[in-house]
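Okay, so here's the structure we're looking at.
The values are calculated or read from the model by the stated rules, or taken from the named source; none is laboratory data. Predicted, not measured: the structure shown is a model, and the values here were computed from it. Here Cβ is always computed from backbone atoms with ideal geometry, including for glycine, and neighbour counts include all displayed protein chains.
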Amino acid sequence: MKENITKNPLIAAARHNNLDKAVESDVSAVILIEGKLSYLIQDKFKIMNDKKPIFIHLDLLKGLSNDVEALRFIKENINPKGIVSTKSTVLSAAKKRGLMTIQRIFLIDSKSLKNSIESIIENDPDMVEVMPALCGEIVGRLKKEINKPIILGGLIDKEEQIIEGLKSGADAISFSKEELWNMKIDNEIIK
């Protein structure tokens, strides 16, 4: 997955009703930010899951609690590329089952930044999604503290915001605006 975002740093944040569009777009991966268990166990989802890396935001999944037993079920019956969560227990259980993990953090002040860094170090996720994306100037500080790919997400609705996020040092940008999923990134502009 990390290699995918090196080639294309765009990640679609999709719901079950537009997941097929996200999978068919040019993005490197998809975060399913709103899903239902009944949808995830269908053959249609399994086909899409084979086409492009899909990460399920477990905190927002309807139909399962976000506990160890739910992760066992997800791994055995759905087997996505990985999960997204804000919860340490979920991240730990997912890693034990061989799923990639993205820890989502929300930065609202200096204390939340300090607590998030401590949590990331403790949880050791594969990647970190920082919200809101418009706090890109914090990326450099985070990269000094943690050695993880940084995804900026939330409140993205213009190409310029994506470019600015990448220029700030983010490894990828996640966003739900479908019109931007096929955006081409000029690597010379973001350096």
Within the stretch 16-49, residues hydrophobic (A, V, I, L, M, F, W, C) and within 15 Å of the chain's Cα centre (by Cα) come out as Leu19, Ala22, Val23, Val27, Ala29, Val30, Ile31, Leu32, Ile33
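If I ask for residues that are among the polar types (S, T, N, Q) and buried (at least 19 other Cβ atoms within 10 Å of the Cβ), which ones from the stretch 29-53 would you list?
Here is the first cut: in the stretch 29-53, the residues among the polar types (S, T, N, Q) are 38, 42, 49.
Result: Asn49, single match.
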Yes or no: the stretch 54-72 includes at least one residue that is buried (at least 23 other Cβ atoms within 10 Å of the Cβ) and more than 16 Å from the chain's Cα centre (by Cα). yes
When you look at Ala133, is it crowded, with 21+ Cβ neighbours inside 10 Å and modelled with pLDDT under 95, yes or no?
-> yes
Is the stretch 138-158 home to any residue that is farther than 24 Å from Lys52 by Cβ, in a helix (DSSP H, G or I) and modelled with pLDDT of 95 or more?
no
Contact list, first residue from the stretch 155-179 and closer than 12 Å to Ala12 by Cα and free of Cβ contacts under 8 Å to residues at least 40 places away in the same chain, second anywhere and among the hydrophobic types (A, V, I, L, M, F, W, C) and surrounded by 16 or more Cβ atoms within 10 Å (Cβ to Cβ), beta-carbon distance below 6 Å, six or more apart or interchain, is Ile156/Ala133; Ile156/Phe175
TODO: Return yes when Ser176 is over 19 Å from Ile31 (Cα atoms) and surrounded by 13 or more Cβ atoms within 10 Å (Cβ to Cβ) and no when it is not.
DONE: no
Expected output for the stretch 114-128 (first residue within 13 Å of Val84 (Cα to Cα) and touching a residue at least 60 places away in the same chain (Cβ under 8 Å), partner crowded, with 19+ Cβ neighbours inside 10 Å and polar (S, T, N, Q), Cβ below 9 Å, 6+ apart or cross-chain) is Asp126/Thr101; Asp126/Gln103; Met127/Thr101; Met127/Gln103
Wholly inside the stretch 59-123, helices (runs of 4 or more DSSP H) that include 1 or more residues that are over 26 Å from Asn147 (Cβ atoms) are 68-77
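Of everything in the stretch 1-20 that's assigned to a helix (DSSP H, G or I) and more than 22 Å from Pro132 (Cβ to Cβ), which residue is modelled with the lowest pLDDT? So that I can check it myself, show each step before the final result.
Of all residues in the stretch 1-20, those assigned to a helix (DSSP H, G or I) come to 2-7, 19-20.
Narrowing the set further to residues that are more than 22 Å from Pro132 (Cβ to Cβ) leaves 2-4, 6-7, 19-20.
Values: Lys2: 62, Glu3: 70, Asn4: 70, Thr6: 71, Lys7: 83, Leu19: 96, Asp20: 96.
Taking the candidates together, the pick is Lys2.
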